[in-house]
Amino acid sequence: MTLPTIAPAEARRRVAEGSAILVDIREPLEHAREAIPGAALRPLSGLCEQSLAGLGGQDAPAIIFHCQSGKRTADNAVRLGVCRAPQAYILQGGLMGWKAAGFPTALDRTKPIEMQRQVQIAAGLLVLTGVLLAWLVAPGFVLVPAFVGAGLIFAGASGWCGMTTVLGRLPWNRTSRG
């Protein structure tokens, strides 16, 4: 089952009139950093068929799922389609599409940036540092970018990223458990 997309302007209109609700399927740290005001957080990692079936009902408003860009939502459309809402949509362009349409988001710069961006920054920094050290200090430092490259290949092939694990343990990425 493929969920249809809905343009940000139409989604905003439907949410304002009460005929739809927004459901953010990103992870809690992503949502804490920036979110569409009023969007309910239901992380994809915690959604099962039962929790999705609990969304909606015959008289419930339409559900508009969104992520950062729309890709994650589209890739999981079949899974999300089991919700019991009379209508379910994917927000075209996700949070980025919402912002591109000029609609407001709640941004909290005190929260960490998304883990994927942290990995990209750390990997780039390690590669650049290794190349500079190999060029300026000793050729053996070329092993640093080689190690990072091997790690990225492994992460892409296996779905497990050691750098994400390490970065996730840093103080700013720890979520408080109450």
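Please treat every number below as a calculation from the coordinates, not as lab data. This structure is a prediction, so every number in the text was calculated from the model and none was measured. Neighbour counts run over all protein chains shown; Cβ positions are idealised from the backbone, glycine included.
With θ taken as phi - 60° and the coefficients 6.51, -1.76 and 1.60, list the Karplus ³J(HN,Hα) couplings across the stretch 67-81 in order, rounded to whole Hz; mark glycine and proline as x.
With the stated coefficients, the stretch 67-81 comes to 10, 6, 10, x, 5, 4, 5, 4, 5, 10, 4, 4, 4, 6, x Hz.
Hey, how much of the P(r) for the stretch 5-107 falls beyond 22 Å, as a percent of Cα pairs? List each step's numbers first, then the result.
Numbers: 1056 of 5253 pairs.
Cα-Cα pairs in the stretch 5-107 separated by more than 22 Å: 20 percent.
Over the chain, with a Gaussian network built from C-alpha contacts below 10 Å, which listed residue (84, 72, 117) shows the highest mean-square fluctuation?
Answer for the Gaussian network model of the chain: 117.
Return the sequence-ordered ³J(HN,Hα) values of the stretch 137-144 in whole Hz as given by the Karplus equation 6.51 cos²θ - 1.76 cosθ + 1.60 applied to θ = phi - 60°, using x for Gly and Pro.
After applying 6.51 cos²θ - 1.76 cosθ + 1.60, I find 10, 8, x, x, 5, 5, 5, 4 Hz.
Taking every alpha carbon pair in the stretch 45-178, what does the distance histogram look like in 10 angstrom bins from 0, in percent?
Once binned at 10 Å, the Cα pair distances of the stretch 45-178 give 10, 25, 30, 21, 9, 4, 1.
Just to verify a number: FRET efficiency for residue 2 and residue 82, C-beta to C-beta distance, R0 = 22 Å, to 0.05? Write out the running numbers ahead of the final one.
Working: r = 13 Å, r/R0 = 0.60.
Here the calculated transfer efficiency is 0.95.
Taking the inverse of the average 1/r across all pairs of different Cα atoms in the stretch 115-171, what Kirkwood radius in Å do you get?
11.8
What FRET efficiency, computed as 1/(1 + (r/R0)^6) with R0 = 45 Å and r the Cβ-Cβ distance, is obtained for residue 72 and residue 129, rounded to the nearest 0.05? Can you show the working numbers first?
Details: r = 31 Å, r/R0 = 0.69.
The formula returns an efficiency of 0.90 here.
What does the extension gain come out to for residue 164 and residue 110, with contour length at 0.36 nm per residue minus their alpha carbon separation?
Difference between extended and current length: 17.4 nm.
Using the Cα atoms of the stretch 70-122 to build a convex hull, what is its mean projected area in square nanometres?
5.4
Skipping prolines and chain starts, which residues have an amide H placed within reach, meaning under 5 Å, of the one on residue 21, given they are 5 or more residues away or on another chain?
Correct list: 62, 63, 64.
Please give the calculated 222 nm ellipticity per residue for the chain, where each DSSP H segment of at least 4 residues contributes -39500 (n - 2.57) and the sum is spread over every residue; nearest 500 deg cm²/dmol?
On the way: 9 runs with 82 residues, N = 178.
So the calculated ellipticity at 222 nm is -13000 deg cm²/dmol.
Once amide H atoms are built 1.01 Å from N in the peptide plane, which residues 5 or more positions from residue 84, or in another chain, come under 5 Å H to H?
Residues meeting the criterion, in which the H sits 1.01 Å from N, are 55, 57.
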